[in-house]
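I have placed the structure first, in the form of structure tokens, so that the comments after it can refer back to it.
The values are calculated or read from the model by the stated rules, or taken from the named source; none is laboratory data. Not measured: the values here are computed from a predicted model. Using ideal geometry, Cβ is built from the backbone for each residue, glycine included, and neighbour counts are taken over all protein chains shown.
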Amino acid sequence: MSDTAIRISDLSVRYGRMIAVEHAALNVSRGAVYALVGRNGAGKSSLVRCLLGQQKPQRGDVALFGEDAWKRRKSLMQRIGVVTEDADAPPEMSVGAIARFCSRLYDKWDQDSVEARLRAFGVPLTSRFGSLSKGQKKQVSLAMALAISPELLVLDDPTLGLDVVARKSLFEEVIGDLADRGTTIFITTHDLAGVETFADRVGMMEHGRIVLDEDVDALKSRFRRIRFAAQPVAIDTAVLRPTVMRSWGGGAEAIVSNYDDVSFERLRSASNIGAAEVEAMSLEEIFIAIAGGNNS
Amino acid sequence: MKNALVIAAREFEEKRFVAYAAVAFAVLPFLLAVIPGINGRSPLDTIAMSALIFGTTFAVAVAVISGASFVGRDLSEGRMSFYFSRPAGPFSIWFGKLTAGILMIVGCFGLIIVPARLAAGQHWERLVSSSTTWSVFYILSLAIALFLLAHVISTFARSRSPLLAFDFAAAVICGVSIRLMLLPLIAGDAAVIVSKLELALVIAAALAIVCGGAWQLERGRTDRRRNHLALSQFLWGTMAVVLLIAAAYVAWVVSVKPSDLTGHVRATRSAAGPFAVITGTAKGRGDYRAAFLLNSEDGTTMRLDPWAEFGVHYTRDGRSVVAPRRAANFAEILIYTRGKSEPLDTGLTVTSGDFVASDDGNRIAVLSRPNISIYDVAQKRSLTSARLPDAKYLRAFFVTPDVVRLYVTQQEGTKILELDVRARGLRETGFIASPGYLALNADPSAAHMLVRQAHSGGLTLNDARTGAPIKTLATGTNVIAARYLRDGRIVFIDGPDSATVLHVLSADGTQQRDIPLGAKKWAMFIGDDGARVVVTDVDAKAGRVFESINIDRGVIEQRQPTREWVTSGAFDLRPPIEALREVFYVDANSHIMAWNPATGAKRTITGG
């Protein structure tokens, strides 16, 4: 049995002349939570469609649990729960009918868990899917995705349309719980604060390329915001590499992407930079720094 | 299979409101039947008629609407991922949706029709001329065809892909190819092959769409443009293969050779020259009728429009054949000449009526009521025209290249008229005051003619231009055939069926020789070679035969049994210029055979 839940190698997707994904590669271990972030149009949804075997890439391979996602999609879907970016169930169907329909397609189906989750979300089974709010539709999709106790849960921007309470519930209770139980989770999101606490690894897409793919802890440990009381004469980039450098009050602020205490002390002792304050950064701040740095 | 049924059930459930609407339409005919002023004479007729209209309209409307949406809308609205995010294969998704769509069409039609059919009873049978089963079959086939067509158009149009231009071009090419493929078959009167081929193409297109739908979801899945591309590739690829196979079949059908003709063979033959038109069907080629112009001297053949056999004219000099070729709603007149490999297009077209050619084929008179026109082939223009009188029977021939003589049989008798290119007018030159049909045969110079009255069985020698009687040749002797020979002598056959006699007379009607022929039920002269007269007759003993009679020696030299005879100038108004060398007939095996009346030698023309 493969230890890798997801393996994407050299993936490229094009729409005519437009490049949606270019030479993307990533691996997600079993039981890991992988957060893929990126701005709108970065290529996340195209990558997810390839991941789910819904779209054939022009180039590259996608393997789920060691099996080709395009060729073995049908059997793989027995093991994978999916919450798509847009609510895709027919609007005329009731939530109960959707559950009945899905239950007939899967080998294992826990109707009780579906009903329990929908009760918890406050979504009646008799409601027409089309009449639900965007957030409720996501909740219905999530309830269906979890009814099969998936080995892999793919969530394409699941917090879109959810209110703050529902979002917190999704991340802390549902995803957190699943992560604790060893379910592999692949999530694309803009809500970095939400995934920060439980994501094991994070990837970042820009213009179709994966520009970052790293363990969250390692990423967070190497990014620091350093505030200098006075304007530094120069920073030895061989020691610390500033991604962003700007004025801050009377001094300056640098965001470095290769921070470690030893290097910082060496920099401080080698340069006459006076007082400096070092702050850890959130994922969101790192994302903005990288995105801003790349754009500049 | 299970998943397909699950998906079909879901689709069906989603569209259950359509079924509710069908139930409402099923009730409507019964309501109409009780409304005064609408229900007509028979409420049951009203029920049957309105149910048929409602059922058909509803089925067609449901077919078009659901065909345009059952896959295309899911793709364009991004809802196909609902299925593809689950363990359902593309084939299950397609056939599930397809099954639901077709069942919805059939079910709705049934919901509207069945109650009315049961209530209307005999009134239904009166309304629907063919059997109910076939009517229902045709309506549902049409609805399902529209359903599939709507799916294709919807998939193509909703993708908003530039590939649409290719699809349009491919559809036009397919249409044009089919038309070009069917044209030679239609020209060959192959109605059965045409209808079978059309049905096969429709079935192939339907299968291509059905299989293409599964293929598009397999290749395109949730991507509408890739769905379009996959369906387009499959559909047009399949149609290209099908059309190639169909074209190869059509090419094989129309590639029939004269020797292949074995069924329904027919022929006409020039009275003197080497030309013959032979037509027939060939084994394995259905009802396709091929026609050939055969030059029996050198054995060469040319393809003719099969319809040409009904309008072909052989020139008196035996050198040319004037034959029509269908083009749209008119016929073009072509001239095939001995020694020339291609026909001459005269530029002359005929929409109705008949035409006759001059002895050398350089002029053609078109008798298209109410007008007659003389055309010069070389100049490609009309030389003169005139209005024709009303006629029961109309016969004509060129006396000279400038003069066409007409025998116009009316109620009171037969008028003789001439149209002269130089005089530019139709002039009455004579009249034969004898009601009814007259069998006429003119001498080589067209100065005299034999007039045989069908009702009296008498035969007279008349002036061919004025119709004035010159001499009575037979009265009350039951003349059954009369004709001028090429040298101007006269021959006729009369007598009781049990003992007929061939009389040979000089040009002025003087008796020369009588030759007893024995018991004949019927006889007709075919032609002569100077020494022999060839007669086709029904002999009391031998049945239908050709007989070659030596009129100098007074004996029957050759006899050849036939199943059917070939005209070979038997109906020509004047004897040919050249001597008769060969006649055609159809033997017991439906082969066209050539027979030499001088030697009795035979050779196979078709089927050998």
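Looking only at residues of segment B:455-505 that are hydroxyl-bearing (Ser, Thr, Tyr) and over 20 Å from B:Tyr437 (Cα atoms), we find that the one that is surrounded by the most Cβ atoms within 10 Å (Cβ to Cβ) is B:Thr500. Given the structure, is B:Ile209 away from chain A (no Cβ under 14 Å), within 36 Å of the chain's Cα centre (by Cα) and modelled with pLDDT of 95 or more? So B:Ile209 passes the test. Can you confirm whether B:Ala230 is part of a helix (DSSP H, G or I), within 13 Å of chain A (Cβ to nearest Cβ) and modelled with pLDDT of 95 or more? So B:Ala230 fits the description; yes. In this structure, B:Ser548 qualifies as of a type in the set (Ser, Thr, Tyr) and more than 25 Å from B:Thr279 (Cβ to Cβ). Out of all the residues in segment B:147-159, is one or more within 14 Å of chain A (Cβ to nearest Cβ) and either touching a residue at least 24 places away in the same chain (Cβ under 8 Å) or assigned to a helix (DSSP H, G or I) (or both)? Looking through segment B:147-159, at least one residue is within 14 Å of chain A (Cβ to nearest Cβ) and either touching a residue at least 24 places away in the same chain (Cβ under 8 Å) or assigned to a helix (DSSP H, G or I) (or both).
Among the residues making up segment A:76-97, those that are closer than 19 Å to A:Leu162 by Cβ and either among the hydroxyl-bearing types (Ser, Thr, Tyr) or more than 7 Å from chain B (Cβ to nearest Cβ) (or both) are A:Gly81, A:Val83, A:Thr84, A:Glu85, A:Ala87, A:Val95. Which of the residues spanning segment A:6-31 are closer than 18 Å to A:Pro158 by Cβ and at pLDDT below 95? Listed by number, the list is empty, since nothing qualifies. The set of residues from segment A:53-69 being more than 9 Å from every other protein chain (Cβ to nearest Cβ) and on the phi < 0 side of the Ramachandran plot comprises A:Pro57, A:Gln58, A:Arg59, A:Asp61, A:Val62, A:Ala63, A:Leu64, A:Glu67, A:Asp68, A:Ala69. The residues of segment B:22-61 that are free of Cβ contacts under 8 Å to residues at least 12 places away in the same chain and under 27 Å from B:Met104 (Cα atoms), listed by number, are B:Ala24, B:Val27, B:Leu31, B:Ile53, B:Thr57, B:Ala61. Checked against (1) over 19 Å from the mean Cα position of the chain (by Cα); (2) more than 23 Å from B:Gly188 (Cβ to Cβ), B:Gly353 meets all criteria but (1). Just one of the listed residues (A:Val195, A:Val239) is in a loop (DSSP other than H, G, I, E, B) and either touching a Leu at 6+ places or on another chain (Cβ under 9 Å) or crowded, with 20+ Cβ neighbours inside 10 Å (or both), namely A:Val239. Could you grab me the full set of residues in segment B:319-330 that are in contact with an Asp or Glu (Cβ under 8 Å, 6 or more places away or on another chain) and closer than 17 Å to B:Phe355 by Cα? Matches in segment B:319-330: B:Ser320, B:Ala323, B:Pro324, B:Arg325, B:Arg326. From the list B:Val250, B:Val241, the lone residue that is in contact (Cβ under 8 Å) with a residue 60 or more places away in the chain and part of a helix (DSSP H, G or I) is B:Val250. The sole residue among B:Pro115, B:Pro162 that is within 14 Å of chain A (Cβ to nearest Cβ) and more than 14 Å from B:Gly213 (Cα to Cα) is B:Pro162. Look at (1) in contact with an Asp or Glu (Cβ under 8 Å, 6 or more places away or on another chain); (2) surrounded by fewer than 17 Cβ atoms within 10 Å (Cβ to Cβ); (3) more than 30 Å from B:Ser92 (Cβ to Cβ) and you find that A:Gly130 fails only one, number (3). The single condition among (1) surrounded by fewer than 24 Cβ atoms within 10 Å (Cβ to Cβ); (2) touching a helix residue (DSSP H, G or I) at 6+ places or on another chain (Cβ under 7 Å); (3) within 14 Å of another protein chain (Cβ to nearest Cβ) that B:Val106 does not meet is (3). Determine whether segment B:192-206 contains at least one residue that is out of contact with any strand residue (DSSP E or B) (no Cβ under 9 Å at 6 or more places or on another chain), at pLDDT 95 or above and under 27 Å from B:Ala88 (Cα atoms). Checking segment B:192-206: at least one residue is out of contact with any strand residue (DSSP E or B) (no Cβ under 9 Å at 6 or more places or on another chain), at pLDDT 95 or above and under 27 Å from B:Ala88 (Cα atoms). How about segment B:287-310: which of its residues are among the small types (Gly, Ala, Ser) and either within 16 Å of B:Val566 (Cβ to Cβ) or buried (at least 19 other Cβ atoms within 10 Å of the Cβ) (or both)? B:Ala290, B:Ala291, B:Ser296, B:Ala308 - these are the residues of segment B:287-310 that are among the small types (Gly, Ala, Ser) and either within 16 Å of B:Val566 (Cβ to Cβ) or buried (at least 19 other Cβ atoms within 10 Å of the Cβ) (or both).
The set of residues in segment B:319-352 being surrounded by fewer than 18 Cβ atoms within 10 Å (Cβ to Cβ), out of contact with any Lys or Arg (no Cβ under 6 Å at 6 or more places or on another chain) and not in a strand (DSSP E or B) consists of B:Ala328, B:Asn329, B:Gly339, B:Lys340, B:Ser341, B:Glu342, B:Thr351, B:Ser352. The residue of segment B:524-579 that is surrounded by the most Cβ atoms within 10 Å (Cβ to Cβ), among those that are of a type in the set (D, E, K, R) and assigned to a loop (DSSP other than H, G, I, E, B), is B:Arg574.
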